[in-house]
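Data block below; observations after.
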């Protein structure tokens, strides 16, 4: 296993991150660690995406969720179609559609 450090292309990293990709996604593309990438972006003054309770909510129409479930789509397929993680979809479904979807 190599312990060589890979230099991070700051401009490319900032461009990818600003396009909406996550730290994990950018790190994989560039072949660097998530931690190293995070440190580099912060050192370069790149604004970080909001996370946790302060993160931007994904606007989702409850009726659309019900329709997609009735069409027989799986939770994973619905999550992908709506551009969210399957776990996010599962939490959303439990909160909003516990009585029917």
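Each value in this text was obtained by applying a stated rule to the coordinates, not by laboratory testing. Here the structure is a predicted model, which means the values were calculated and not measured. Note that we place each Cβ from the backbone using ideal geometry, even for glycine, and neighbour counts take in every protein chain shown.
Structural remarks
- With R₀ set to 22 Å, the beta-carbon distance separating residue 73 from residue 94 gives a calculated FRET efficiency near 0.85.
- Intensity falloff of the range 57-97 expressed as log10 I(q)/I(0), Debye formula with alpha-carbon point scatterers, at q = 0.18, 0.25, 0.26, 0.27 Å⁻¹: -0.40, -0.82, -0.89, -0.97
- Here the extension length gained between residue 63 and residue 81 equals 5.0 nm, from 0.36 nm per residue of separation less the Cα-Cα distance.
- Rule-of-thumb Rg ratio for the range 10-52 [Cα; 2.2 N^0.38 Å; N residues]: 0.99
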